[in-house]
Amino acid sequence: ATPTAVMVGTGKAAELGILIGDGEALENARRITAVLLDKTGTITRGRPGLAGIVTAEGWSEDEVLTFAASAEVGSEHPLGEALVAAARERSLALTAHRDFAGVPGHGVTAIVDGRPVVLGNQALMTSYDVDASPLAGVAAEASAAGRTPVYVAVDGRLAGLLAVADTVKPESAEAVAELKALGLEVWMLTGDNEATARAVAAEVGIDHVIADVLPAGKADRVAALQESGHVVAMVGDGINDAPALARADLGISIGTGTDVAMAASDITLVGGDLRSIVAAIDLSRRTVTTIK
Ligand code: ADP
Ligand code: MG
């Protein structure tokens with residue numbers, strides 16, 4: 001495209017709340033064949049809330065939540081923030097933890113009241129030799145409803161399960177339908193478990209799901225799709241999406257997300273409305289044809 005056409009194009013995009021880094025990004029948008037969407041904060045609002053607590057024998061709901069939230073104080077993960085907020089809502093007295101450690105893509109560990117706490121997904125329980133089977137059925141039900149099950153273990157034993165719910169953005173389903181109508185393949189890419197991911201994907205009409213991806217693995221998944229012949233747009237909001245955004249042919253960040261994601265992307269959707277992706281591709285196609 002001529003510099004003038006690109007200037008006009010990026011100017012129009014800005015009016016639509018789409019910030020385009022350079023002319024190359026605008027031209028690349030037209031060649032995209034597959035769109036990968038991060039789940040949390042991109043398809044969903046990214047503001048999860050505690051939806052339910054199921055306890056193991058010998059534990060009360062408040063005890064389980066107190067240990068979990070105490071371990072998560074200071075956590076920057078949306079799941080951790082949700083648990084702390086829920087504990088505050090119930091006016092539970094949280095205790096200071098020590099030896100806090102985040103396990104990327106799995107959960108956290110900490111010492112609370114002198115007792116070791118491990119909380120996170122099934123894989124984390126397995127790696128700490130915690131028998132999660134008594135609540136596996138409840139976890140499966142939570143996942144089928146699109147909720148994220150968070151197991152809580154204290155002293156190496158299962159204490160309870162917290163179901164955390166995040167709602168999908170009202171416009172996500174429409175955006176997916178429009179992307180498909182443009183002939184694009186739409187994929188979900190998430191660190192969450194397969195069952196929860198599939199339930200959310202079904203809600204918005206996505207057929208292709210890549211779940212249980214560790215933060216470091218997202219860029220590899222983008223590369224794999226590229227190797228299979230796709231020109232890939234990656235859409236994400238988190239720090240852990242940044243390498244994938246940079247690896248994609250077109251990196252699209254959500255303006256309501258992290259600065260790191262925005263810095264790694266070619267395009268930023270200011271309001272976080274996924275329908276803007278369709279508008280950007282549309283605009284790119286028109287900008288390029290105008291000058292030909
Ligand atoms: P996402 O792609 O949804 O941002 P992450 O890679 O951050 O996922 O985490 C993957 C999974 O690991 C989460 O769905 C959750 O089960 C577990 N997990 C990660 N961090 C935490 C945390 N701070 N507290 C509880 N569970 C966590
Ligand atoms: Mg996210």
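Read the figures in this text as sums done on the coordinates, not as results from a lab. The model shown is predicted, which means the values in this text are computed figures rather than measured ones. Neighbour counts are summed over all protein chains in view; Cβ atoms, including those assigned to glycine, are modelled from backbone coordinates with ideal geometry.
Here are the numbers:
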read-out: Normalised alpha carbon radius of gyration of the stretch 61-162 [divisor 2.2 N^0.38 Å]; value: 0.97
read-out: Over the chain - Rg/Rh using Cα atoms and the Kirkwood inverse-distance radius; value: 1.04
read-out: With at most 11 neighbouring Cβ atoms within 10 Å, loop GluC sites (Glu not before Pro) (DSSP) excluded, longest segment of the chain; value: 77-292
read-out: Dipole in debye (nearest 20) - the chain, about Cα centre, beta carbon charges: Lys, Arg +1; Asp, Glu -1; value: 720
read-out: The stretch 122-209: projected area of the alpha-carbon convex hull, averaged over directions, in nm²; value: 5.9
read-out: Alpha-carbon centroid distance for the pair the stretch 37-54 / the stretch 181-225, whole angstrom; value: 15
read-out: Rg over Rh, two decimals, the stretch 171-292 (C-alpha only, Kirkwood Rh); value: 0.96
read-out: Over the chain, relative contact order from alpha-carbon pairs under 8 Å, at least 6 apart, %; value: 25
read-out: Helical mean residue ellipticity (222 nm; -39500 (n - 2.57) per DSSP H run of 4+; nearest 500) of the chain; value: -12000 deg cm²/dmol
read-out: 5 Å binning of all Cα-Cα separations within the stretch 203-252, expressed as whole percents from 0 upward; value: 5, 21, 29, 27, 15, 3
read-out: DSSP-loop trypsin sites (Lys or Arg not before Pro) across the stretch 82-129, with at most 14 other Cβ within 10 angstrom; value: R90
